[in-house]
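In what follows, a structure is listed as structure tokens, so that the remarks can point back to it.
The values are calculated or read from the model by the stated rules, or taken from the named source; none is laboratory data. As the structure is a prediction and not an experimental result, all values here were calculated from the model. Every residue, glycine among them, receives a Cβ derived from its backbone with ideal geometry; neighbour counts consider all protein chains shown.
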Amino acid sequence: MSGLPPTTSVKRWFVTTNHKDIGILYTITALFFLLFGGVMALLIRLQLWDPTSQILSGLAYNEAVTAHGLIMVFWFLSPFAFGFANYFVPLQIGADDLAFPRLNALSYWLYLGSGLLLAVSFFQGGTLSAGWTIYAPLNVPMYTPSIGSTGAVLALAMFVTGTTASTVNFLTSIHHSRAEGMGIMDMPMFTWSMLATVWMMLFAFAALLAVGLILAADRVLGSVYFSATEGGSLLWGHLFWFFGHPEVYIVFFPALGVMLELFQTFSGRRLVGRKWVIISICLISVQSFLVWMHHMFLTTINLEIKTLMMATTIGISLPFDLVVFALIYTLIKGRIQFTTPFLFAFGALLLFILGGITGVFLGAIVLDYEFRGTYWVVAHFHYVMFGGATALFGGAYYWFPKITGKMYDEFLGKLHFVIFFIGFNAVYFSMFLGWETPRRVFEYNPEFQIYHQFGTIGAFVLGFSFFIMFYNFAKSYVSGDPAGDNPWDYSRTAEWAVSSPPPLENWPDRPSYASGKLEFVKDYVPDGGPAMKTDDNGDVATDGGDSHSAHISEYPYWDKPPSHASIWPFALSLALGVTLFGFSGFADAVTVELGETAMQSNVVVSNAMYPIAIVAGLVGLLYTGVKWGLEDFYAPPSEFAERWPFNGVEKVKLGMWFFLASDVIVFGAFLSAAIFVRYNAGWMTWSPLTESLPGLINTFVLITSSFTVILALVAARRKSRQGLLATLGTTILLGFTFMAIKLWEWNHEIFDRGVTISANAHGDPIQASIYYVTTGLHGIHVLLGLVIAIFLFVRAYQGHYLDDERPIEYFGLYWHFVDIVWVFIFPLFYLF
Amino acid sequence: MIDPVILQQGSDWRAQAEVFDEIFFVFLALGTLVGTIVVAYTLWNVYKYRDDGNRSDEEFDAPVVGELPTGQGGPKAKKLFLSFGLSAIVVISLVVYAYGLLLYVEQGPDTGAEGDIEIMVEGYQYGWAYEYPNGHTERGELIVPADQRVDLNITSRDVWHNFGSSDLRIKSDAIPGDYSETWFAVSSEDVEAQGGEATYRVECFELCGPGHSQMKGQITVLPQDEWEQWYNSTGNSSESASIQAPGAGLAAPSGVSA
């Protein structure tokens, strides 16, 4: 068990990398944030009680509104769903764990750390007060000057980092570790919904990461993206909503998946039109990236584009129609059991129907013009997002027996549902009635006071209902009836085939669907592996059918037990949290006074705490990163698995491809921002700030280093240690050459030409900001690559990588990617 | 494409509020109808197929743990597509209908000989400044004539605001560095009905800072002659001379702290 302490030990919960433990951690933490965001909601509702008297100042009210939105959307809804996904996706697909267990633990700790950073931001002069949509330019320090505002933005960036890690992990797991015989169309619907969710997350959250990093640059380093009148506000709108619309489905799909499971389990029927539901889910995932401008109908977007966006918006409602009807028809001719989980799932469907119909209203542009910025929108998205999440509470009741081994109290569960459902409609339906009230306004037209008071009462009822659930779960966990392996009559999915709770490595033997239904088969593992399939008599099956990929049989650690514990995910997250805490106060604590040259410049530190935190955090990051790399942590790949459409791609390589795909979107967003702003400023009015020669030299340097990294792989394959050291060493030298030229170039720009990140002696300041921030992001990538390269170099010197050259290959993928990005940056900033 | 001219034959024109009310009514009626049918049908079936313990085992093929899904299409795929088709027709026809009216709203009514009056609106933390064609600027209250189309050209001096009047059903984003447009017109009958001077509430519909809730204004509509009298008197005491670049003539508001 490689040192995993028992569940009663506190230490276990800091070191565990097991997907079920982490699922529990996610769920509990998310419920904590539900309370946190809920308190914010009740503050809002109290303020709305009377339009003439206030309990919060205008600023405090805006902070409550912002924190409520951010916490509920980011720190509650998705993580709550990911708690279930962590626990049940590996079980449903027949895997032992997620593909990268340590990365999974890292995702969780980054999530928790980011939430704590957000909580801390309340005490740094007040948290962000620009709304959860964080519109520009209200989001720049000129209008929201508190350190806590920066802290909240950085907390969001940290959250997204963890999310990206989680996305890569789930994509790799679902595409790489499905049990033999489970084709992609055979996956349970919850897993299907999660797959669609993580595919959307891969691209949507990358856009959010990009826009968050740009905003962080504006707030910490002083760039001027979002205060620029050359389209700065609209740039935020486009990038945010490019993320923001898919985010609606990212939040909703896991809940939809729970509904699809629970409707089947509690009616005893199989999903009607299963294939069409899956196709609809895939269509929605693609279409979700084509509708974002319907959030911006009242900006200056022209009629043609608005019409197009209206058409795509209507287009995306159609697959949803089909899914809703499929859900309804699944119930017909069933034997519907009104258990608590079903009530929540069914309630979610009713709420979602109402949310969907009111959404069609918003699709008509003329109506949207009037609904924009009103409580109609607020009511609509609560019905959709929180209405969907209603099913997640059903999921909590549904899986509670599996997770704890105990049955919840059915009466209390039903009571919770009734009070929840009444409270929900009281608070959100009253918003439709008083819809003319502008959002985030508390001195509203007194005509609507009756609706808002009704809503406030409903909100308290809704909030109270959760305490019934907490009590129910706590009581049942302590003294509930034993649930058995499968308390439900008509469940189908594999999590019900093992004990409650399931054992650490999930399965007695290897799960397989090769015969058309779940069976546990014993493989024959010869000394030195790999495993071989056996026939019914336990003899080694000699005839074909072996789905081993080449890399599985070449894997050198065959008989090694899998690892389940590592402290480094926690430590690394702590270090990143400290670093970002430091950066939140950087702009206030540190002033750079530029002199004639770099030597004559002064750095004035007014508050040493923040710079110290940055330095300590960075040192910690380097230390924990190296320890992570050195740790002997083994997560075996599934021996026999369905991998469509990625057959034959090794696990880590697949993960690397997914990560790079998301990084493509990050850079894509940065470059789009550069092009968008330049277009708005007048394309031809800008000419490159820099001379093209240093850029040209750097292009050659980087391309050469791409060749040397290929040579390094060749040398490793030939088991030539000297060749590996020479080629890796050359790559490192070329990387440093690139950075040195870059440094010279920046020095030249700043001190000889008067071009800094926030000022430009030769034109628009925003042009200088874009140049520094975009090339800076690329520079950070190069720097990170150099850190990894040096790590590899030292390890190669110690004799590693000659048997298993994969780390060299995957580093090469990253390095090529960074070089390719430069090929796009070079013409944009140096030539035209 | 539906020709918007049909909607405004002669000198008739329709206020945005009328267009909105019509579409809103149609959507609300159909939405309620469809919603009621779907929810009632669902509830009825859930009740009908509840597990009361006396259902026959015929035709019931209970699922088992560990089975793979079979029959991906399912027996009711036909019914599924029928309902899907129906809902698609409802949704698409609603939107096509609404789109025809959008073209009218975007274009605005013909102004005829009267001409229209174009006013610059600039949002700031926390209020609205207006600049008339003659260079006169007004703060807080927008004074316009009845029976005339008023074109608003809206921008912002600091952060993103949204200029809107729920009564008139007009709204537009006020974005720094950008200019958005909307129009409205109030008939003299409406002005008469409000006692010779019609007033409408203006609010900010985009979070713009701690004073967002207090960012209110008013549109005052006067009868043509009264308005002209007022407007002519403003020419002399105008604060700043002319409209050059849009919004350039607006002086900074006094007494407003950032």
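Give all pairs with beta carbons closer than 9 Å in which a residue from segment A:128-152 that is farther than 15 Å from A:ALA67 by Cα and at the interface with chain B (Cβ under 9 Å from one of its Cβ atoms) meets a residue that is assigned to a loop (DSSP other than H, G, I, E, B) and of a type in the set (Asp, Glu); count only pairs at least 6 apart in sequence or on separate chains.
Listed by first residue and then by second, the contacts come to A:PRO137/B:ASP158; A:LEU138/B:ASP158; A:LEU138/B:GLU206; A:MET142/B:ASP158; A:TYR143/B:ASP158.
Residues A:GLU436, A:GLU447: which one is acidic (Asp, Glu) and outside any loop (DSSP other than H, G, I, E, B)?
A:GLU447 is the lone residue from the list that is acidic (Asp, Glu) and outside any loop (DSSP other than H, G, I, E, B).
Please indicate, with yes or no, whether at least one residue in segment A:295-308 is assigned to a loop (DSSP other than H, G, I, E, B), among the β-branched types (Val, Ile, Thr) and surrounded by 23 or more Cβ atoms within 10 Å (Cβ to Cβ).
No; the residues of segment A:295-308 include none that is assigned to a loop (DSSP other than H, G, I, E, B), among the β-branched types (Val, Ile, Thr) and surrounded by 23 or more Cβ atoms within 10 Å (Cβ to Cβ).
Take the residues in segment A:361-396 that are at pLDDT 95 or above and aromatic (Phe, Trp, Tyr); name whichever of them is surrounded by the fewest Cβ atoms within 10 Å (Cβ to Cβ).
A:PHE381
Yes or no, residue by residue, for (1) without any contact (Cβ under 8 Å) to a residue 40 or more places away in the chain; (2) in contact with a Ser or Thr (Cβ under 9 Å, 6 or more places away or on another chain); (3) at positive phi; (4) of a type outside the set (Phe, Trp, Tyr):
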| position | (1), (2), (3), (4) |
| --- | --- |
| A:GLY682 | yes, no, yes, yes |
| A:THR685 | no, no, no, yes |
| A:LEU713 | no, yes, no, yes |
| A:MET739 | no, no, no, yes |
| A:GLU745 | no, yes, no, yes |
| A:ALA759 | yes, no, no, yes |
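Please count how many residues of segment B:192-216 are polar (S, T, N, Q) and within 7 Å of chain A (Cβ to nearest Cβ).
Summing the residues that are polar (S, T, N, Q) and within 7 Å of chain A (Cβ to nearest Cβ) in segment B:192-216 gives 2.
Run down A:ALA311, A:ALA326 and say which single residue is modelled with pLDDT of 90 or more, within 11 Å of chain B (Cβ to nearest Cβ), part of a helix (DSSP H, G or I) and closer than 30 Å to B:THR182 by Cβ.
Testing whether each residue is modelled with pLDDT of 90 or more, within 11 Å of chain B (Cβ to nearest Cβ), part of a helix (DSSP H, G or I) and closer than 30 Å to B:THR182 by Cβ leaves just A:ALA311.
Restricting to segment A:238-249, count the residues that are surrounded by 24 or more Cβ atoms within 10 Å (Cβ to Cβ) and either aliphatic (A, V, I, L, M) or not assigned by the TED database to the domain that holds A:ALA326 (or both).
Of the residues in segment A:238-249, 1 are surrounded by 24 or more Cβ atoms within 10 Å (Cβ to Cβ) and either aliphatic (A, V, I, L, M) or not assigned by the TED database to the domain that holds A:ALA326 (or both).
Within segment A:480-504, restricting attention to residues that are in contact (Cβ under 8 Å) with a residue 40 or more places away in the chain and outside any loop (DSSP other than H, G, I, E, B), which residue is nearest to A:ASP409 (Cα to Cα)?
Result: A:PRO482.
Looking at the structure I just gave you, is A:GLY83 crowded, with 22+ Cβ neighbours inside 10 Å and among the small types (Gly, Ala, Ser)?
yes
Here are the criteria: (1) within 15 Å of the chain's Cα centre (by Cα); (2) among the β-branched types (Val, Ile, Thr); (3) in a loop (DSSP other than H, G, I, E, B). Tell me which single one B:VAL159 does not satisfy.
The one condition B:VAL159 does not meet is (1).
What's the number of the only condition in (1) at pLDDT 95 or above; (2) surrounded by 13 or more Cβ atoms within 10 Å (Cβ to Cβ); (3) over 26 Å from B:ALA146 (Cβ atoms) that B:TYR130 fails to meet?
(3)
If we keep just the residues of segment B:179-238 that are touching a His at 6+ places or on another chain (Cβ under 8 Å) and not in a loop (DSSP other than H, G, I, E, B), which is nearest to B:GLN148 (Cα to Cα)?
Within segment B:179-238, the match that is nearest to B:GLN148 (Cα to Cα) is B:TYR231.
Which one is farthest from the other protein chains (Cβ to nearest Cβ), of the residues in segment A:330-346 that are at pLDDT below 95 and closer than 16 Å to A:LEU256 by Cβ?
A:THR330
Take segment A:150-195 and flag every residue that is of a type in the set (A, V, I, L, M, F, W, C) and in contact with a strand residue (DSSP E or B) (Cβ under 6 Å, 6 or more places away or on another chain).
A:ALA179, A:MET182 - these are the residues of segment A:150-195 that are of a type in the set (A, V, I, L, M, F, W, C) and in contact with a strand residue (DSSP E or B) (Cβ under 6 Å, 6 or more places away or on another chain).
Here's a check for you: in segment B:52-78, which residue that is modelled with pLDDT of 85 or more and buried (at least 17 other Cβ atoms within 10 Å of the Cβ) is nearest to the other protein chains (Cβ to nearest Cβ)?
Among those residues, the one meeting the criterion is B:GLY66.
For a quick check of your reading: which helices (runs of 4 or more DSSP H) sit entirely within segment A:1-86 and have at least 2 residues that are at pLDDT 95 or above and touching a Lys or Arg at 6+ places or on another chain (Cβ under 8 Å)?
The qualifying helices (runs of 4 or more DSSP H) are A:58-70.
Hey, can you tell me all the residues within segment A:470-492 that are out of contact with any Phe, Trp or Tyr (no Cβ under 7 Å at 6 or more places or on another chain) and more than 14 Å from every other protein chain (Cβ to nearest Cβ)?
A:PHE470, A:TYR471, A:ALA474, A:LYS475, A:TYR477, A:VAL478, A:SER479, A:ASP481, A:PRO482, A:ALA483
Hey, can you tell me all the residues within segment A:805-816 that are under 17 Å from A:VAL666 (Cα atoms) and buried (at least 21 other Cβ atoms within 10 Å of the Cβ)?
If the condition is that a residue be under 17 Å from A:VAL666 (Cα atoms) and buried (at least 21 other Cβ atoms within 10 Å of the Cβ), then A:TRP815 is the only one that fits.
Out of all the residues in segment A:664-680, is one or more under 23 Å from A:ALA165 (Cβ atoms), at pLDDT 95 or above and surrounded by fewer than 17 Cβ atoms within 10 Å (Cβ to Cβ)?
yes
So A:TRP683 passes all but one of these: (1) touching a Gly at 6+ places or on another chain (Cβ under 9 Å); (2) surrounded by fewer than 14 Cβ atoms within 10 Å (Cβ to Cβ). Which condition number does it fail?
Every listed condition holds for A:TRP683 apart from (1).
Can you find a residue in segment A:397-412 that is polar (S, T, N, Q), part of a helix (DSSP H, G or I), in contact (Cβ under 8 Å) with a residue 60 or more places away in the chain and surrounded by 24 or more Cβ atoms within 10 Å (Cβ to Cβ)?
No, because not a single residue in segment A:397-412 is polar (S, T, N, Q), part of a helix (DSSP H, G or I), in contact (Cβ under 8 Å) with a residue 60 or more places away in the chain and surrounded by 24 or more Cβ atoms within 10 Å (Cβ to Cβ).
In segment A:250-281, which residues are more than 14 Å from chain B (Cβ to nearest Cβ) and surrounded by fewer than 24 Cβ atoms within 10 Å (Cβ to Cβ)?
Within segment A:250-281, none qualify.
Taking segment A:347-379 as the region of interest, how many residues are more than 7 Å from chain B (Cβ to nearest Cβ) and under 26 Å from A:THR330 (Cα atoms)?
9
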